[in-house]
Ligand SMILES: Nc1ncnc2c1ncn2[C@@H]1O[C@H](COP(=O)(O)OP(=O)(O)O)[C@@H](O)[C@H]1O
Ligand SMILES: [Mg+2]
């Protein structure tokens with residue numbers, strides 16, 4: 001599939017978004033108490049695109065993803081996801097939208113007392129009327145997709161960190177989402193395992209044609225998965241470029257960020 005490498009225009013119009021814009025933030029502000037976290041975030045992600053978000057710790061990357069799935073609401077500005085105005089979305093629409101959105105949590109977030117298959121099946125058990133044998137077929141298919149067919153009965157405590165991420169990914173994929181949000185999918189993994197996760201993210205993007213937002217600190221992840229990369233700093237976008245240009249950019253904040261965060 002042809003994937004676009006566009007740049008977010010400096011000024012985006014408010015109002016309904018074109019169909020090929022899957023995620024749009026327009027001048028979004030969000031504070032927690034006195035702490036301003038998002039300070040005018042403006043960003044587009046196009047259909048089928050893999051957009052990587054980089055930036056120092058605490059700059060609002062995870063908060064951005066939470067807005068994109070309606071777990072947080074902005075103080076001002078617009079957030080549009082798959083044609084929905086997130087400040088006006090109705091509960092039924094939000095739950096439908098979430099079915100089409102996969103979210104790989106930073107912590108993996110597997111449930112320790114459920115085996116791998118039940119962890120992967122959970123979103124369908126909770127949110128669908130599918131019979132268990134059909135759910136099991138889907139679980140089998142997703143575990144195969146993440147190259148993990150042999151762990152059906154294992155408990156989360158019995159498998160490695162890299163395998164846990166794959167199980168988390170299989171769970172994020174189980175509802176066949178059109179948008180996948182990855183919060184630091186390679187944090188805490190050794191370089192080899194981490195690269196295998198990067199390759200999996202690229203494979204899923206190409207194979208399933210989904211739109212992906214990926215938070216990472218790793219240049220290797222940018223090289224493997226990105227169609228476009230943004231640097232967030234203090235709650236807004238300061239650099240927005242295709243990966244080659246991003247990594248070669250001499251923007252001072254980017255140089256400082258990459259220089260202090262080697263990979
Ligand atoms: N639910 C919350 N309540 C209060 N403060 C929060 C909440 N979520 C995030 N923050 C604060 O917002 C800032 C940005 O957080 P986050 O988006 O998680 O950073 P990162 O870029 O590292 O992912 C941090 O200072 C964090 O403490
Ligand atoms: Mg984070």
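The values are calculated or read from the model by the stated rules, or taken from the named source; none is laboratory data. Because the structure is predicted, anything quoted here is derived from the model rather than measured. For neighbour counting, all protein chains shown are included, and Cβ atoms are generated from backbone atoms with ideal geometry for every residue, glycine included.
Taking the condition at pLDDT 95 or above, within 17 Å of the chain's Cα centre (by Cα) and under 23 Å from residue 215 (Cα atoms), does residue 32 pass? Criteria not met by residue 32.
Which of the following residues is buried (at least 22 other Cβ atoms within 10 Å of the Cβ) and either within 17 Å of the chain's Cα centre (by Cα) or away from ligand 2 (no atom under 16 Å from the Cβ) (or both): 159, 180, 193? Every option except 180 fails the conditions.
Beta carbons closer than 8 Å, at least 6 apart along the sequence or on distinct chains, pair a first residue in segment 43-58 that is within 13 Å of residue 202 (Cβ to Cβ) with a second that is part of a loop (DSSP other than H, G, I, E, B) and within 16 Å of ligand 2 (Cβ to nearest atom) for 52/216. Applying the criterion of at least 2 residues that are at negative phi and crowded, with 20+ Cβ neighbours inside 10 Å to the helices (runs of 4 or more DSSP H) found wholly in segment 45-147 leaves 61-68, 116-127, 132-145.
Within segment 28-44, the residues that satisfy the criterion of being more than 15 Å from ligand 2 (Cβ to nearest atom) and crowded, with 20+ Cβ neighbours inside 10 Å are 28, 43, 44.
In the set (1) away from ligand 2 (no atom under 16 Å from the Cβ); (2) modelled with pLDDT under 95, residue 117 fails one condition alone, (2).
The criterion of being part of a helix (DSSP H, G or I) and in contact (Cβ under 8 Å) with a residue 12 or more places away in the chain does not hold for residue 187.
Taking segment 208-263 as the region of interest, the strands (runs of 3 or more DSSP E) fully inside it that hold 3 or more residues being within 16 Å of ligand 2 (Cβ to nearest atom) are 211-215, 228-233. The sole residue among 124, 173 that is modelled with pLDDT of 90 or more, touching a strand residue (DSSP E or B) at 6+ places or on another chain (Cβ under 7 Å) and closer than 16 Å to residue 103 by Cα is 173. The single condition from (1) within 16 Å of ligand 1 (Cβ to nearest atom); (2) in contact with a helix residue (DSSP H, G or I) (Cβ under 6 Å, 6 or more places away or on another chain); (3) closer than 27 Å to residue 40 by Cβ that residue 186 fails is (3).
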